[in-house]
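The structure appears right after this line, and notes come after that.
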Amino acid sequence: MKTKFIQLAASVLALSVSTGAFAQTDNDVYNNDGVNKVKVPPRDVPVISVKPDFVLTAKLPSVPESLTVFNVVAVDPTTIDPSATAVGRAFGFKSAAKKQHVNSKKSVSVLHTDANNRTLELFDSGAVFVKNETLLDEASPDLLASLKLDRETAKKYFAEKSRSFLSETKLVSSGITLRDITFGDLSVQSVRSKLETKKVIAAAANYSLTLNGIPAWGPGAATRVYFDTKGVSGFYSAAPTLKQGDIARVIKPEAAVEKYIAAGAPSTNIRLHTGVVYKVDISKVELVYYIDASNSAQKTVAPQYLISGQFYGRDLSGEKTDVASDFSYLVPAI
């Protein structure tokens, strides 16, 4: 008997991102419900109101006096023929069946399937995701072995292949830069022999987005090109269609840090194995445009300060051990 484990390095197929705004809470127990929001923890989790010491080690950024607020241009995906879209033409996609989905935020998406069981999903934000049926299939052959490439050489190979694909198809016009290459690693372990075999079944070229020279951040800022042994096997553009809106004055980063400290986030609640948060090290402050998930029904994309660093807590398990936990928190910049 064999037990299979699929490990997706750096979220190869992740279509949403947990921001970890309250990093001292257990996401699998009482998860964040969006950025800077946290649910009430279970009653058996102690709530400790200890005011931590805040330490600012970050170099604060120089920021412009004002920035554009972008409006999301909503589309009706139910009226769009996927074969007439740029991504549909790039993949030669013709819909054979479709299914409409409306989530709790009233965001609409339509999932199309073609004769080859490929899928193409159109979102009302303008985002699109297309993939082959075999992407991340456990039965797929080892991608690196088939190409006779080691991991580092494969990163360069897929970087160049993704750039060529985007250039030829013109699916993305500007504003993106290659961030990294990640792999879908499959581990198969035999229960009897305990022997483990590993293979790479997919790769993804992950691109970052900038708006007016300011980095975009969040699940909606992703652009990915996927690969398997047959070549390009998928494409995901999470960014919504945007148009320029009002110009807004940007607050100073010092004011954003003060707002974060005043929010009292570290003393809201704690996770069982971390204990009391007694120190917060603010090690990075960035000006970003936050873009939410493709199906979030976001109306505007505005500048935010991304404040990150580490919480330091004392372990309550009986051991006198300090535990560090990364955090990220968004403060409106306008």
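The values are calculated or read from the model by the stated rules, or taken from the named source; none is laboratory data. Source: prediction; values computed, not measured. Neighbour counts are summed over all protein chains in view; Cβ atoms, including those assigned to glycine, are modelled from backbone coordinates with ideal geometry.
Sub-8 Å Cβ pairs linking a first residue in the range 57-85 that is closer than 14 Å to R249 by Cα and of a type in the set (G, A, S) to a second residue that is assigned to a loop (DSSP other than H, G, I, E, B) and at pLDDT 95 or above, at least 6 apart or interchain, are S66/V250, ordered by first then second residue. It is to be established whether one or more residues within the range 128-136 are of a type in the set (K, R) and touching a residue at least 60 places away in the same chain (Cβ under 8 Å). Within the range 128-136, one or more residues are of a type in the set (K, R) and touching a residue at least 60 places away in the same chain (Cβ under 8 Å). Restricting E133, E152 to those that are at negative phi, surrounded by fewer than 12 Cβ atoms within 10 Å (Cβ to Cβ) and out of contact with any Ser or Thr (no Cβ under 6 Å at 6 or more places or on another chain) reduces the list to E152. For the range 100-116, filtering for residues that are modelled with pLDDT of 95 or more and of a type in the set (K, R) leaves 0.
Could you give every pair whose Cβ atoms fall below 8 Å, whose first residue belongs to the range 96-121 and is within 22 Å of A86 (Cβ to Cβ) and assigned to a loop (DSSP other than H, G, I, E, B), and whose second residue is at pLDDT 95 or above and of a type in the set (D, E), counting only separations of at least 6 or pairs across chains? As it stands, the answer is A96/D114, since those pairs meet every condition given. Scan the range 128-148 and tell me whether some residue there is assigned to a helix (DSSP H, G or I) and out of contact with any helix residue (DSSP H, G or I) (no Cβ under 9 Å at 6 or more places or on another chain). Yes: one or more hits.
Only one of the listed residues (L67, L60) is part of a loop (DSSP other than H, G, I, E, B) and either at pLDDT 95 or above or buried (at least 16 other Cβ atoms within 10 Å of the Cβ) (or both). That residue is L60.
Looking across the range 296-334, the residues that are in a loop (DSSP other than H, G, I, E, B) and at pLDDT 85 or above come down to S296, A297, Q298, K299, A302, A333, I334. Based on what the data block shows, is K148 basic (K, R) and closer than 22 Å to T85 by Cα? Here the answer is no, as K148 does not meet what is asked. Among the residues that make up the range 203-214, is at least one of them in a loop (DSSP other than H, G, I, E, B) and under 30 Å from Y329 (Cα atoms)? Among the residues of the range 203-214, at least one is in a loop (DSSP other than H, G, I, E, B) and under 30 Å from Y329 (Cα atoms), which makes the answer yes. Taking the range 169-196 only, how many residues are in contact (Cβ under 8 Å) with a residue 12 or more places away in the chain and outside any loop (DSSP other than H, G, I, E, B)? Of the residues in that region, 16 qualify. Just one of the listed residues (K131, K105) is out of contact with any Gly (no Cβ under 7 Å at 6 or more places or on another chain) and outside the structural domain of N295 (by TED's automatic domain parsing), namely K105.
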